[in-house]
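Trainee: The structure is given below, and queries will be raised subsequently.
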Amino acid sequence: MAKAKGAIVVDIEKCKGCSVCVSACPAQVINLAAEVNDKGYHYAYMENPDNCIGCANCGVVCPDTCITVYRAKPVTA
Amino acid sequence: MRELKLMKGNEAIAEAAIRCGTDGYFGYPITPQSEVMETLMAEQPWKTTGMVVLQAESEIASINMVYGGAGCGKKVMTSSSSPGISLMQEGLTYIAGAELPCVVVNVVRGGPGLGTIQPAQSDYFQAVKGGGHGDYKLITLAPASVQEMADFVELAFDLAFKYRNPAMILSDGVIGQMMEKVELKPQKPRMTEEEIIEKYGDWATTGKTRNRNRNIITSVELSSENMENFNHKLQAKYKKMQEEEVRYESINCDDAEYLLVAYGSSARICQKTVELARAQGIKVGLLRPITLFPFPEKPIHELAKQTKGILSVEMSAGQMVEDVKLSVNGITPVEHYGRFGGIIPSPAEVLEALKSNFLEG
Amino acid sequence: MDIKEIIKEENIVYKKTSVLTDKVMHYCPGCTHGVVHKLVAEVIEEMGLQEKTIGVSPVGCSVFLYDYIDIDWQEAAHGRAPALATGIKRLMPDKVVFTYQGDGDLAAIGTAETIHACNRDENIVVIFINNGIYGMTGGQMAPTTLPGMKASTCPFGREPGQDGHPLKITEIVAQLPGTTFVTRQACHTPAAVRKTKKVLKKAFENQINKRGTSFVEVVATCNSGWKMSPVKANEWMEENMFPFYPLGDIKDI
């Protein structure tokens with residue numbers, strides 16, 4: 001069972017591959033893809049999705065507002 | 001009941017601005033027009049009509065405050081004199097490029113440079129040919145009396161809003177400083193935001209409501225094709241002005257064999273020259289352009305057909321004479337007579353100039 | 001938990017505000033402008049100001065700011081934004097008015113308009129992006145270029161004796177009685193971005209409460225002009241810009 005609590009969805013075509021989100025991520029979730037988008041940018045993607053804690057740091061620092069961040073609600077017993 | 005007052009031209013501008021419901025005035029002091037803002041500040045219209053009056057840090061700032069206010073669809077104006085108007089040219093080209101209505105009063109003094117504080121008409125080219133960079137025109141009105149100083153404020157606003165284009169009242173130190181009897185119009189209320197939208201359309205930046213797209217006031221367009229199209233649109237607007245808005249006065253022109261063309265205070269002098277000439281049996285008429293842009297090309301061309309010579313009289317080294325020549329297009333001789341640097345010609349010397357150019361030798 | 005279980009509408013914790021348009025910004029990758037645009041849009045959305053806010057965009061890289069934030073806009077001549085904002089706010093005092101200007105616009109060609117608007121208690125917000133270089137025209141020296149910093153018009157580094165000194169205009173406007181809130185922030189880390197958003201909100205609240213001019217400087221990167229990667233530019237900014245342009249509130253009345 002994966003331990004992920006969060007996830008991100010990157011608008012790949014809007015992403016310019018600046019990698020500011022990569023260094024802002026505290027859990028080393030994000031990296032730039034080997035592939036490029038239509039504009040030729042190596043876009044950001046979740047390389048280690050299991051680590052995502054949904055902290056939204058990547059979305060907050062993204063200059064192109066192309067990251068949507070999700071965080072699962074804690075399950076209450 | 002008629003309300004008559006003895007006023008300076010500059011004071012009449014201020015009084016008329018308040019009475020025609022102007023929303024805002026932004027200015028910077030300069031001789032010989034400082035009475036405009038002084039009168040407004042003394043009248044305190046913000047307490048009565050709500051009109052904003054603000055002394056800016058420069059003419060550059062005042063014209064850009066005008067830009068901001070005009071972009072909100074408000075009736076805003078400024079006034080200055082030649083050196084200050086030079087500083088406003090950047091703002092004026094942006095205002096023309098953004099298609100905003102506003103009124104600018106230039107009480108012209110002699111130049112170039114700091115020049116003199118005495119009257120001149122040497123800013124004609126700057127006013128009617130655009131003044132700043134790019135292909136644009138200012139609607140240019142030339143008052144020849146204190147009464148016209150008052151009347152042209154509202155006229156300038158009407159034309160500015162009709163065409164969404166800046167309008168200039170091109171006066172001079174004579175008209176600005178002299179005192180004459182003026183009939184003042186009754187106070188009009190300022191228009192509400194709703195009335196402005198109703199009358200002029202919903203283009204201004206008043207806050208993007210849910211029922212419309214955002215309004216953007218700008219003059220930038222990086223696509224050359226779009227920019228050429230926009231320039232075509234501007235030129236069509238100026239052509240329409242040329243067809244529909246020409247204003248002029250003709251005095252003793254019906255039987256004239258010689259014609260004087262003069263505007264503003266020069267026209268007042270030339271009116272006397274006409275009397276002097278006719279007393280000597282010389283049939284002289286006067287055509288006084290009231291709009292300098294659009295220029296009264298057709299009436300001048302028509303009068304050229306019946307005249308033996310045309311003298312363009314200006315307090316400049318010869319600026320309007322070029323437009324007179326273009327209007328006449330070679331069918332009769334056109335000469336210029338001017339005094340400048342703050343010197344005002346006398347009616348007699350204008351008559352002498354007419355004689356020496358066309359009647360002697 | 002499976003990712004598909006997480007990616008659901010109800011789990012969204014961060015997304016683009018609807019006050020930002022969908023247009024892809026023309027800025028270089030990693031440009032701070034995008035972050036500050038987003039923060040302004042978020043503040044406008046959260047404070048419910050979309051219908052009453054009028055922005056004034058400058059000349060410089062952010063000249064097309066009006067393409068990105070869905071409010072009414074006026075685009076000013078170079079440096080004149082505070083004069084436009086004065087005209088707008090004086091005539092429409094119930095609207096919310098802000099300028100957004102770069103260092104060349106605000107601290108060189110528009111110095112007089114900036115200082116006098118701030119000194120007149122104009123009830124507006126001034127947002128000042130300071131990246132120490134002219135981005136749009138291709139990396140020329142700015143009024144805020146650091147001593148020794150290279151630009152295309154000081155290719156061997158700015159030499160104060162020849163090129164003049166960098167101007168700390170934010171410290172100057174802080175001395176003016178017309179300003180109520182003057183602060184310098186940055187957007188190089190998530191925490192810094194969150195702080196900048198907080199001060200922007202405070203600046204807009206000040207305007208609603210008719211408290212005079214609020215002036216928010218954001219020390220920013222221009223990685224293209226500085227010829228660095230975006231991440232490296234953030235590091236360079238921390239090492240070189242922050243010692244000269246220290247972050248924090250300079251005035252808060």
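Trainee: Which one of B:G71, B:G91, B:G50 is within 11 Å of chain C (Cβ to nearest Cβ), small (G, A, S) and within 17 Å of the chain's Cα centre (by Cα)?
Mentor: Being within 11 Å of chain C (Cβ to nearest Cβ), small (G, A, S) and within 17 Å of the chain's Cα centre (by Cα) holds for just one of B:G71, B:G91, B:G50, which is B:G91.
Trainee: Now a separate question. Which of (1) in contact with a Pro (Cβ under 9 Å, 6 or more places away or on another chain); (2) not in a helix (DSSP H, G or I) does C:W73 not meet, given it meets every other one?
Mentor: (1)
Trainee: Which of the residues belonging to segment C:79-117 are touching a helix residue (DSSP H, G or I) at 6+ places or on another chain (Cβ under 6 Å), assigned to a helix (DSSP H, G or I) and within 11 Å of chain B (Cβ to nearest Cβ)?
Mentor: Hits for segment C:79-117 are C:P82, C:A83, C:L84, C:T86, C:G87, C:I88, C:L91, C:E113, C:T114, C:A117.
Trainee: Continuing with this model, one more query. Do you know which residues across segment A:2-31 are aliphatic (A, V, I, L, M) and more than 8 Å from chain C (Cβ to nearest Cβ)?
Mentor: A:I8, A:V10, A:I12, A:A27, A:V29, A:I30
Trainee: Quick one: which of B:A256, B:A267 is surrounded by 15 or more Cβ atoms within 10 Å (Cβ to Cβ), outside any helix (DSSP H, G or I) and at pLDDT 95 or above?
Mentor: Numbers: B:A267 fails: outside any helix (DSSP H, G or I).
When all the criteria are applied, what remains is B:A256.
Trainee: Still on this structure, please answer the following. Across segment C:41-65, what is the total count of residues that are within 9 Å of chain B (Cβ to nearest Cβ) and assigned to a helix (DSSP H, G or I)?
Mentor: Of the residues in segment C:41-65, 2 are within 9 Å of chain B (Cβ to nearest Cβ) and assigned to a helix (DSSP H, G or I).
Trainee: Suppose we keep only residues that are among the hydrophobic types (A, V, I, L, M, F, W, C) and out of contact with any His (no Cβ under 9 Å at 6 or more places or on another chain) within segment A:32-50. Which one would you say is nearest to the other protein chains (Cβ to nearest Cβ)?
Mentor: It comes out as A:M46.
Trainee: For B:A262, indicate whether it is over 30 Å from C:S18 (Cα atoms) and crowded, with 16+ Cβ neighbours inside 10 Å.
Mentor: yes
Trainee: Right, something else. Give the number of residues within segment B:79-107 that are in contact with a Pro (Cβ under 7 Å, 6 or more places away or on another chain) and part of a strand (DSSP E or B).
Mentor: Selection size over segment B:79-107: 3.
Trainee: Then there is this: Check whether at least one residue in segment C:208-220 is part of a helix (DSSP H, G or I), within 14 Å of chain A (Cβ to nearest Cβ) and either buried (at least 24 other Cβ atoms within 10 Å of the Cβ) or in contact (Cβ under 8 Å) with a residue 24 or more places away in the chain (or both), and report yes or no.
Mentor: Residues of segment C:208-220 part of a helix (DSSP H, G or I): C:208.
Applying the additional criterion that residues be within 14 Å of chain A (Cβ to nearest Cβ) yields none.
No, every residue in segment C:208-220 fails to be part of a helix (DSSP H, G or I), within 14 Å of chain A (Cβ to nearest Cβ) and either buried (at least 24 other Cβ atoms within 10 Å of the Cβ) or in contact (Cβ under 8 Å) with a residue 24 or more places away in the chain (or both).
Trainee: Still on this structure, I have one more. Select, from B:F157, B:F152, the only residue that is surrounded by fewer than 24 Cβ atoms within 10 Å (Cβ to Cβ), outside the structural domain of B:H336 (by TED's automatic domain parsing) and within 12 Å of the chain's Cα centre (by Cα).
Mentor: Just one listed residue meets the conditions, B:F157.
Trainee: Among the residues of segment C:159-173, is there at least one that is over 16 Å from C:F244 (Cβ atoms), outside any helix (DSSP H, G or I) and out of contact with any Pro (no Cβ under 8 Å at 6 or more places or on another chain)? So that I can check it myself, show each step before the final result.
Mentor: At the first step, the residues of segment C:159-173 found to be over 16 Å from C:F244 (Cβ atoms) are C:161-162, C:173.
Applying the additional criterion that residues be outside any helix (DSSP H, G or I) yields none.
Within segment C:159-173 (the criterion being over 16 Å from C:F244 (Cβ atoms), outside any helix (DSSP H, G or I) and out of contact with any Pro (no Cβ under 8 Å at 6 or more places or on another chain)), the answer is no, since none of the residues qualifies.
Trainee: Next question. When segment C:229-253 is examined, which residues are found to be within 14 Å of chain A (Cβ to nearest Cβ), out of contact with any Ser or Thr (no Cβ under 8 Å at 6 or more places or on another chain) and farther than 12 Å from C:Q185 by Cα?
Mentor: Across segment C:229-253, the qualifying residues are C:K232, C:E235.
Trainee: Next question. Report yes if some residue within segment C:193-207 is farther than 23 Å from C:L146 by Cα, part of a loop (DSSP other than H, G, I, E, B) and either of a type in the set (S, T, N, Q) or modelled with pLDDT of 95 or more (or both); otherwise report no.
Mentor: no
Trainee: Can you name every residue in segment C:235-253 that is closer than 25 Å to C:T137 by Cα and touching a residue at least 60 places away in the same chain (Cβ under 8 Å)?
Mentor: Passing the criteria: C:N240, C:M241, C:F244, C:Y245.
Trainee: A follow-up question, please. Being among the polar types (S, T, N, Q), closer than 12 Å to C:S224 by Cα and buried (at least 20 other Cβ atoms within 10 Å of the Cβ) is the filter here, so list the residues in segment C:125-162 that pass it.
Mentor: If the condition is that a residue be among the polar types (S, T, N, Q), closer than 12 Å to C:S224 by Cα and buried (at least 20 other Cβ atoms within 10 Å of the Cβ), then C:N131 is the only one that fits.
Trainee: List pairs: first residue in segment B:298-326 and in contact (Cβ under 8 Å) with a residue 12 or more places away in the chain and over 30 Å from B:S82 (Cβ atoms), second residue buried (at least 24 other Cβ atoms within 10 Å of the Cβ) and polar (S, T, N, Q) anywhere in the structure, Cβ distance under 8 angstrom, at least six positions apart or on different chains.
Mentor: none
Trainee: Which of the residues that make up segment A:28-52 are surrounded by 17 or more Cβ atoms within 10 Å (Cβ to Cβ) and assigned to a loop (DSSP other than H, G, I, E, B)?
Mentor: If the condition is that a residue be surrounded by 17 or more Cβ atoms within 10 Å (Cβ to Cβ) and assigned to a loop (DSSP other than H, G, I, E, B), then A:V29, A:N37, A:Y41, A:C52 are the ones that fit.
Trainee: If we keep just the residues of segment B:199-250 that are of a type in the set (G, A, S) and away from every other protein chain (no Cβ under 14 Å), which is farthest from B:K74 (Cα to Cα)? Let's see the steps before the verdict.
Mentor: Going residue by residue through segment B:199-250, those that are of a type in the set (G, A, S) are B:201, B:204, B:207, B:219, B:223-224, B:236, B:250.
If we keep only those that are away from every other protein chain (no Cβ under 14 Å) as well, we get B:201, B:224, B:236, B:250.
Details: B:G201: 12, B:S224: 31, B:A236: 25, B:S250: 35 Å.
Checking each candidate, the answer is B:S250.
Trainee: Please determine, by comparing only the residues of segment C:1-40 that are more than 7 Å from chain A (Cβ to nearest Cβ) and among the aliphatic types (A, V, I, L, M), which one is farthest from C:T196 (Cα to Cα).
Mentor: Out of the qualifying residues, it is C:V19.
Trainee: Out of the residues in segment C:83-116 that are β-branched (V, I, T) and touching a strand residue (DSSP E or B) at 6+ places or on another chain (Cβ under 8 Å), which is farthest from B:E90 (Cα to Cα)?
Mentor: C:V96
Trainee: Hey, B:M37 hits all of (1) in contact with a Gly (Cβ under 6 Å, 6 or more places away or on another chain); (2) on the phi > 0 side of the Ramachandran plot but one; which does it fall short on?
Mentor: (2)
Trainee: If you don't mind, there's one more thing I want to ask. Those residues that are within 21 Å of B:V66 (Cβ to Cβ) and within 12 Å of the chain's Cα centre (by Cα), I need them from segment C:101-126; list them, please.
Mentor: Initial filter on segment C:101-126 (within 21 Å of B:V66 (Cβ to Cβ)): C:101, C:105-106, C:109-124, C:126.
Matches in segment C:101-126: C:Q101, C:D105, C:L106, C:V126.
Trainee: Also, quick follow-up: Scan segment B:113-147 residue by residue and report those that are part of a helix (DSSP H, G or I) and under 26 Å from B:E99 (Cα atoms).
Mentor: Result: B:Y124, B:F125, B:Q126, B:A127, B:V128.
The values are calculated or read from the model by the stated rules, or taken from the named source; none is laboratory data. This one's a predicted model, so the numbers in the text were calculated from it and none came from an experiment. No Cβ is skipped: glycine too gets one built from the backbone with ideal geometry, and neighbour counts run over all protein chains shown.
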